[in-house]
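Q: Below is a structure I'd like to ask you about.
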Amino acid sequence: MKTRAMVFVLSCALLGSFAGCTNMSQQQQGALSGGAMGAGVGAGIGALSGGSWGVGAVIGGALGGVLGGIHGNNQ
């Protein structure tokens with residue numbers, strides 16, 4: 001069950017990062033990509049460490065979104 005849910009979250013994050021990015025600014029693209037990657041990594045770390053993959057995805061997505069937005073703004 002955990003594996004199936006984690007695969008679903010990761011695939012949704014991956015598909016969401018590619019959808020509708022054509023008319024976005026660099027900052028918006030960075031925030032979206034960073035958030036998607038952060039959510040995926042956070043979910044994976046949460047699941048592998050025995051914690052909650054959902055909490056890991058939320059924390060990772062938030063941190064990734066902020067850092068991705070900062071990086072996109074600097075470009």
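Q: With each label point set 7 Å from Cα along the Cα-Cβ vector, what nm distance links S25 and L67?
A: 2.2
Q: What is the gain in length, in nm to one decimal, between R4 and N74 on full extension, counting 0.36 nm per residue of separation less the C-alpha to C-alpha distance?
A: Working: separation 70, 0.36 × 70 = 25.20 nm, distance 3.69 nm.
Working it through step by step, the gained length comes to 21.5 nm.
The numbers here are math on the coordinates, done by the rules we state, and not lab data. Remember, predicted model here, so these are calculated numbers, not experimental data. With ideal geometry, Cβ positions are generated from the backbone for all residues, glycine too; neighbour counts draw on all protein chains shown.
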